[in-house]
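What follows is a single structure, written as structure tokens, with notes after it.
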Amino acid sequence: MTSVNFISNEKLWSIRSGELQYILKVADDGSLVNLHFGGRVEPVESISLGGHFPFEPSLHLLREEYSTFGGLRFMEPCLKVELPGGVRDCVLKYESFKIEDNNVLSITLKDISYELFADLHYRAYPAYNIITKWAEIRNAGPQPVILEEALSGAVSLPRGGLWRLTFLSGHWAGETRIVQEVLKAGKKVLESRRGTTSHQLNPVAFFDAGDAGEEEGEVWGCLLGWSGNWKCVSEYVGHDQLRVAMGVNDFDFSWHLESGESFKTPKMILAYSASGFGGLSRSLHRFERGVVLPRNNATKPRPVIYNTWETLYFNVNEENLKQLADIAAEIGVEVFVVDDGWFKGRNDDRAGLGDWVPDPHKFPRGLGPVIEHVKSRGMIFGIWVEPEMVNPNSDLYRRHPDWVYHFPGRPRSEMRNQLILNLSRSDVREYVFNWLDRLLAENDIGFVKWDMNRSFSEPGWPDAPRGREREIWVRHVQAVYEILDEIRRRHPNVIFEGCSGGGGRVDLGAMERFDQFWTSDNTDALDRLYIQEGYTMAYCPKTMGAWVTGVPNFLTNRTLSLEFRFHSAMMGALGISVNLLELSSIEKEEAKMHIEFYKKIRHIVLDGDLYRLKSPRSGGLAAFQYVTPDKTESLIFVFTLQQGFGRREPLLRVRGLDPSLIYEVDSSGQSFSGLYLMNYGIDHGIRGDYKSKVIYLKARR
Ligand code: DGJ
């Protein structure tokens, strides 16, 4: 099907992607204008460019597609450059276009006098109502150009009215909390300056007119596929026009473009739904599973993991790992992951990062015997690494103190007693790639958890080629991506989990390389309901690592039942980090039963559609429903929060079923039509606080 159409007499392009339509036009002055971003429009030719007010530049410039700092433009620019001769004025005009495979559009713009080009690329994904866009800035002139800002792009929302912004905010051990605020005037900037995606804000911005709900109303989504400093600027640029620009943060950024060089921005992902936030999330989830996730594992189920962290912390050794592995296998675990603490000198977080050989005291015979033991119990062996980091107390740092980001003669601030390796340097990149490659080549490792536990500070690169010092923000991320891409190519059977002290590096760029993420260091099953709710606004449950851990929880001191903890963790990629050695035989049986059940139903959670039936933020009750794409199976996870006498929760009206099918409830023999379940509802039947239940619906043949 043709997604991109060109109407030549109008110099207009229409990109149709399912429910979403994006329309671009060349104005009479040669500037490229975003005429429309939203639901479907016909006929596209009738859309007008806007008028002109005295004392104002032309109104169409308020909707310029890739605006610059230049001419009469006063908004957040997508591009700000220094051209030869110190010229800081840049004005881009339409040059040419090309359409490939009916769904990729590239439009080339050029500065009015210098040979600087911006190639704007658009790709439609009609099956998902999504368009991705990115830009390539090319210097075809004879002299260098300096980029001071080069965003992925901007969108212009339908003009008029107040917009409500929904975004994900938080902190370490409290990521992806949903925040909503009405934007009234001026600029709202969401960003990271920490070198990673960040726990504090995630590159996701949803917009609605203030009236959209979970399943109704129009919602627009803008996301960025980038794991370093980023910025999202929502700005009323005048005359009720809201514009959203997104890309690599220009803070402390500059990029030197030699003659013949180009700079490619990360992708901005545009989504639209007329079925509320839930509809938008489901489109994104399907897109992630169908397009973004690494292809080799995308359609495979996520394995049940045991991770040693919340049981042993740094105290891992051959003996205790074998003991744990025996019980892990007994209860049905599929991947046994040795977290932090296995490498040389790593007895706490003050030493060892950088020295990636097994600690000779803990593993006198190397990792081999543990790996063999794990495999003999029918499990895959997994390992934790933190490749970008070094402790000053390590052999690596003693050998190469110049390998970290720093400014000569200035402090090197430590966070968690560690410094960041300067991956902008090719020798450091090679070193990191080589030890990781060797580790995977020499050991039978099927799962890697790649962690990253600090923010950037003192981002100096003393040996940088002149003029390239501030490129580290981008070069570091590019290096992480390159290493991961090549390691994945050489070790295609390994599953990679992304972690950054929990969910500090979850984004659609990272998701092209990581099969799943460690969502948060907060493993309290109740706190997790909120974190997971926010996570699933943008990211699919298939990637959402969730563990069952011990009680009282190490962070919240809360004690919840094993059942509640399992149910909360089963809503994503299930893991266990409870101390198995301390489980009673009854608890072990219970854990085994939950894991067995999860294996039977995980296809519904991991590859199904999610309906957030009731938010924990609304109090009383939380409920999340998953439905297989063919609508024949569904799961409803119900959690009671604080209930009050006389305050009766409404029946759970489920979603996404086939109204004409008859569904059996929990193999109980009780059956109801989809129509009944969706319009009348189902009584969850739970009494008491902090209880949980999973209701399984199966269509009768
Ligand atoms: C932070 C991670 O989020 C934890 O799961 C654990 O891997 C520790 N790092 C290990 O240092």
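Does K375 count as closer than 28 Å to G446 by Cβ, open to solvent by less than 50 Å² (accessible area, probe 1.4 Å), assigned to a helix (DSSP H, G or I) and not polar (S, T, N, Q)?
no
Return the pair list, or none, for Cβ contacts closer than 9 Å from residues in the stretch 384-404 that are touching a residue at least 60 places away in the same chain (Cβ under 8 Å) and part of a strand (DSSP E or B) to residues that are open to solvent by 10 Å² or more (accessible area, probe 1.4 Å) and among the basic types (K, R), at least 6 apart or on different chains.
Correct list of pairs: M389/R416; M389/R454.
List the number of the failed condition for F639; all other conditions in (1) among the aromatic types (F, W, Y); (2) part of a strand (DSSP E or B); (3) open to solvent by 10 Å² or more (accessible area, probe 1.4 Å) hold.
(3)
Starting from the stretch 612-627, take each residue that is closer than 12 Å to T640 by Cα and list its partners that are modelled with pLDDT of 95 or more and of a type in the set (D, E), counting only C-beta distances under 7 angstrom and pairs at least six apart or across chains.
S615/E533; P616/E533
Just checking: which of the helices (runs of 4 or more DSSP H) contained wholly in the stretch 260-319 hold 1 or more residues that are hydroxyl-bearing (S, T, Y)?
Per the criteria, 276-287, 309-312.
Mind checking which residues of the stretch 83-113 are buried (at least 19 other Cβ atoms within 10 Å of the Cβ) and outside any strand (DSSP E or B)?
Result: C90, V91, N103.
Considering each residue of the stretch 37-63, count those that are surrounded by fewer than 22 Cβ atoms within 10 Å (Cβ to Cβ), within 21 Å of A271 (Cα to Cα) and touching a residue at least 40 places away in the same chain (Cβ under 8 Å), and give that number.
Of the residues in the stretch 37-63, 2 are surrounded by fewer than 22 Cβ atoms within 10 Å (Cβ to Cβ), within 21 Å of A271 (Cα to Cα) and touching a residue at least 40 places away in the same chain (Cβ under 8 Å).
Return the residues of the stretch 40-74 that are assigned to a loop (DSSP other than H, G, I, E, B), closer than 20 Å to V244 by Cα and of a type in the set (A, V, I, L, M, F, W, C); say none if nothing qualifies.
L49, F69, L72, F74
How many residues does the stretch 360-407 hold that are β-branched (V, I, T) and more than 16 Å from the ligand (Cβ to nearest atom)?
5
Taking the criterion of being in contact (Cβ under 8 Å) with a residue 12 or more places away in the chain, more than 24 Å from the chain's Cα centre (by Cα) and under 24 Å from T308 (Cα atoms), would at least one residue in the stretch 420-431 satisfy it?
Within the stretch 420-431, not a single residue is in contact (Cβ under 8 Å) with a residue 12 or more places away in the chain, more than 24 Å from the chain's Cα centre (by Cα) and under 24 Å from T308 (Cα atoms).
Do you know which of the residues in the stretch 164-189 that are assigned to a strand (DSSP E or B) and farther than 22 Å from C540 by Cα is most open to solvent (accessible area, probe 1.4 Å)?
Ranking the candidates gives K187 first.
Scan the stretch 342-354 residue by residue and report those that are touching a residue at least 40 places away in the same chain (Cβ under 8 Å) and either within 10 Å of the ligand (Cβ to nearest atom) or within 21 Å of E497 (Cα to Cα) (or both).
Passing the criteria: W342, D349, L353, G354.
The values are calculated or read from the model by the stated rules, or taken from the named source; none is laboratory data. Predicted, not measured: the structure shown is a model, and the values here were computed from it. We place every Cβ from the backbone using ideal geometry, glycine too, and count neighbours over all the protein chains shown. Remember, those area values only see protein heavy atoms, side chains included, never the ligands or the DNA or RNA. Shrake-Rupley method; radii C 1.70, N 1.55, O 1.52, S 1.80 Å.
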